[in-house]
Each structure stands twice: as C-alpha cells, then as structure tokens.
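In what follows, a structure is listed as structure tokens, so that the remarks can point back to it.
The values are calculated or read from the model by the stated rules, or taken from the named source; none is laboratory data. None of the values given here were measured: they were computed from a predicted structure. A quick note on method: Cβ atoms are made from the backbone with ideal geometry, for glycine too, and the neighbour counts reach across all protein chains shown. Side chains included, ligands, DNA and RNA excluded: accessible areas come from the protein's heavy atoms. Shrake-Rupley method; radii C 1.70, N 1.55, O 1.52, S 1.80 Å.
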Amino acid sequence: MVQIQLIESVGGRRVSADPQMLRLPDTQWREISVQHEIYSNGSALGLEVTFGGLGRGQFVWIDDLKVTRTL
C-alpha cells in the first residue's frame, strides 16, 4: 500500500493536504498522479510518500518525480 500526500503550508504551518491511498497489486512500475488546488497565497507545497506493509530487507523506488504548476 502506498499513500501520496500533497501538503500545503503557509509560514511552516499545514493548512491543507490531499492524501491519496493506493493498493499496489504487484511490483510493476506504475504512474500515479495527485492534484492539489492551492488555497492560500504564499503557500509552499510539499510531497510525502508513505509505503506500508514492507518487510525487513525490502525497499522501494521512486523514479521520475515531476511537479507541474498550472495557471
């Protein structure tokens, strides 16, 4: 299971977040996208990726991370 969360903060304080939780059925590469609409002027946007259910000695790859700003 993986959770991807875009976290919006202003002055170091979290003002909103959009968590997306996905269950990955296998070890194949997947494209996953998350969208967040900014609520406050002067915001900083952070990305948090959390994997669950991992065992000792297992690892994950995050590849080709791209952030796109829209107007």
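With respect to the stated conditions, ALA44 is modelled with pLDDT of 90 or more and hydrophobic (A, V, I, L, M, F, W, C). For the condition among the β-branched types (Val, Ile, Thr) and surrounded by 11 or more Cβ atoms within 10 Å (Cβ to Cβ), VAL67 does not qualify. Which of the residues spanning region 20-46 are more than 11 Å from ILE4 (Cα to Cα), open to solvent by 80 Å² or more (accessible area, probe 1.4 Å) and of a type in the set (S, T, N, Q)? Within region 20-46, THR27, GLN28, ASN41 qualify.
Residues in region 55-71 that are at pLDDT below 85 and over 17 Å from the mean Cα position of the chain (by Cα): THR70, LEU71.
Taking the criterion of being among the hydrophobic types (A, V, I, L, M, F, W, C), touching a Leu at 6+ places or on another chain (Cβ under 8 Å) and open to solvent by less than 70 Å² (accessible area, probe 1.4 Å), the residues of region 1-19 that qualify are VAL2, ILE4, LEU6, ILE7, ALA17.
For region 17-32, name all the residues that are over 13 Å from the mean Cα position of the chain (by Cα) and free of Cβ contacts under 8 Å to residues at least 24 places away in the same chain.
ARG23, LEU24, PRO25, ASP26, THR27, GLN28, ARG30 - these are the residues of region 17-32 that are over 13 Å from the mean Cα position of the chain (by Cα) and free of Cβ contacts under 8 Å to residues at least 24 places away in the same chain.
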